[in-house]
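> Mind having a look at this structure? Questions to follow.
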Amino acid sequence: MFAPRDSDGYHPLQSVFQTIAFGDTLSVEVQDTPGFKLTHSGLHIPGDGSNIISRIYTHYAAQLKFGYHVNLHKQIPVGAGLGGGSSNAATFLKTLNAHEGWGWTSDNLEAEGVKFGADVPFFVNGGTQLVEGIGERLTPLEPRPKRYFVLINPNIHSDTSAVYAAYDAAAQFPALSDVPDWMRHSHVGENSLWPVVKARIPELADLDQWLKSNNGPELHLSGSGATVFLTMSDESRARTWEATIRKT
């Protein structure tokens, strides 16, 4: 759920974030002399220095004792709504903290991380957390029993700024004073951006309707899209639905 934009242009939110066993891979080679090199494999990343890892290095370059060669194996598409860039940022910040001997605590890392993205603080520790403010207010939650997630990405980039602009134009903003019970206990609920993303990406609206017509599990939106997901407690059921959706 989101409130109207604040003076900094962010939407205060209430949400539950969950790390999963899937993501990008960062390999970092620490060098004795200062310098930075970013190489990558897998999916495309921007090559103009706008990648969040490059921006973090540039921000701290003057105070670094060592050089860093980072290889990013990219598996999470840009604009997927899965926090790929934010998780990479948190990982690189923790790497710098360890090798440069800064001695930052988790609180320090979260405070630094929010400078680069509202979702970065969550990925410092990950797990299951209630996320409030612009992403900097984190409350760990008891994890649910093991769940299996079927991630579905339509190979379409979801423009976060455009999604929020459409949400702003159409939304009746809820009050965020009380945290809904589902956020504290069931952890999976309605994403306020889902109607906007379905209107922008008809393929997702069609999939949602197909699942409902075939008595399928509920489809959920991750972040601002374009990834959606199913969540189930039974692995064989999850794999069956994965195979079924691949055929549609």
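The values are calculated or read from the model by the stated rules, or taken from the named source; none is laboratory data. Owing to the predicted nature of the structure, the values given are computational and were not obtained by experimental measurement. Heads up, the Cβs are rebuilt from the backbone with ideal geometry, glycines too, and the neighbour counts pull from every protein chain shown. SASA here: full protein model, heavy atoms, side chains in, ligands and nucleic acids out. Shrake-Rupley method; radii C 1.70, N 1.55, O 1.52, S 1.80 Å.
> Counting only residues that are of a type outside the set (Ser, Thr, Tyr) and either touching a helix residue (DSSP H, G or I) at 6+ places or on another chain (Cβ under 9 Å) or within 15 Å of Asn88 (Cβ to Cβ) (or both), which one in the stretch 36-47 is surrounded by the most Cβ atoms within 10 Å (Cβ to Cβ)? Steps first, answer last, please.
Of all residues in the stretch 36-47, those of a type outside the set (Ser, Thr, Tyr) come to 36-38, 40, 42-47.
Filter once more, so that each one left must be either touching a helix residue (DSSP H, G or I) at 6+ places or on another chain (Cβ under 9 Å) or within 15 Å of Asn88 (Cβ to Cβ) (or both): 36, 38, 40, 42-46.
Details: Phe36: 16, Leu38: 17, His40: 17, Gly42: 13, Leu43: 15, His44: 9, Ile45: 20, Pro46: 11.
Across the stretch 36-47, the extreme among qualifying residues is Ile45.
> Quick test of your reading of the structure: Glu235 fulfils all but one of (1) surrounded by fewer than 13 Cβ atoms within 10 Å (Cβ to Cβ); (2) acidic (Asp, Glu); (3) modelled with pLDDT under 90. Name the failing condition by number.
(3)
> Give the residue that is most open to solvent (accessible area, probe 1.4 Å), with candidates limited to residues of the stretch 1-35 that are at pLDDT 90 or above and among the acidic types (Asp, Glu).
It comes out as Asp32.
> Suppose the filter is in a strand (DSSP E or B), at pLDDT below 95 and either over 27 Å from Lys198 (Cβ atoms) or open to solvent by less than 80 Å² (accessible area, probe 1.4 Å) (or both); does Leu130 pass it? Quick ask: steps written out before the conclusion?
Values: in a strand (DSSP E or B): yes; at pLDDT below 95: yes; either over 27 Å from Lys198 (Cβ atoms) or open to solvent by less than 80 Å² (accessible area, probe 1.4 Å) (or both): yes.
Considered against the rule, which asks whether it is in a strand (DSSP E or B), at pLDDT below 95 and either over 27 Å from Lys198 (Cβ atoms) or open to solvent by less than 80 Å² (accessible area, probe 1.4 Å) (or both), Leu130 comes out as yes.
> Before we move on, is Gly85 in a loop (DSSP other than H, G, I, E, B), under 27 Å from Val16 (Cβ atoms) and open to solvent by 10 Å² or more (accessible area, probe 1.4 Å)? So that I can check it myself, show each step before the final result.
Numbers: in a loop (DSSP other than H, G, I, E, B): no; under 27 Å from Val16 (Cβ atoms): yes; open to solvent by 10 Å² or more (accessible area, probe 1.4 Å): yes.
The answer is no for Gly85.
> Would you please list the contacts, defined by Cβ atoms under 6 Å and residues six or more apart or on different chains, that run from a residue in the stretch 202-225 that is over 22 Å from Val16 (Cβ atoms) to a residue that is among the basic types (Lys, Arg)?
Here the result reads Ala205/Lys198, each pair linking the stretch 202-225 to a residue that is among the basic types (Lys, Arg).
> Further question on the same structure: Does any residue in the stretch 28-50 that is under 20 Å from Leu64 (Cα atoms) come within less than 8 Å, Cβ to Cβ, of a residue that is among the charged types (D, E, K, R) and surrounded by fewer than 12 Cβ atoms within 10 Å (Cβ to Cβ) six or more places away or on a different chain, and which pairs are these?
So the pair list comes out as Pro34/Lys65.
> Still on this structure, I have one more. Could you grab me the full set of residues in the stretch 133-158 that are among the β-branched types (Val, Ile, Thr), at pLDDT 95 or above and open to solvent by 20 Å² or more (accessible area, probe 1.4 Å)?
Initial filter on the stretch 133-158 (among the β-branched types (Val, Ile, Thr)): 134, 139, 150, 152, 156.
Filter again for at pLDDT 95 or above, leaving 150, 152.
If the condition is that a residue be among the β-branched types (Val, Ile, Thr), at pLDDT 95 or above and open to solvent by 20 Å² or more (accessible area, probe 1.4 Å), then Ile152 is the only one that fits.
> Return the only residue of Thr240, Thr227 being at pLDDT 95 or above, open to solvent by less than 20 Å² (accessible area, probe 1.4 Å) and hydroxyl-bearing (Ser, Thr, Tyr).
Thr227
> Hey, another quick one. Looking only at residues that are out of contact with any Leu (no Cβ under 9 Å at 6 or more places or on another chain) and hydroxyl-bearing (Ser, Thr, Tyr) in the stretch 208-241, which one is nearest to Tyr167 (Cα to Cα)?
Of the residues in the stretch 208-241, the ones out of contact with any Leu (no Cβ under 9 Å at 6 or more places or on another chain) are 209-210, 213-215, 231-237, 239-240.
Still in the running and hydroxyl-bearing (Ser, Thr, Tyr): 213, 231, 233, 236, 240.
Values: Ser213: 27, Thr231: 25, Ser233: 32, Ser236: 36, Thr240: 34 Å.
Among those residues, the one meeting the criterion is Thr231.
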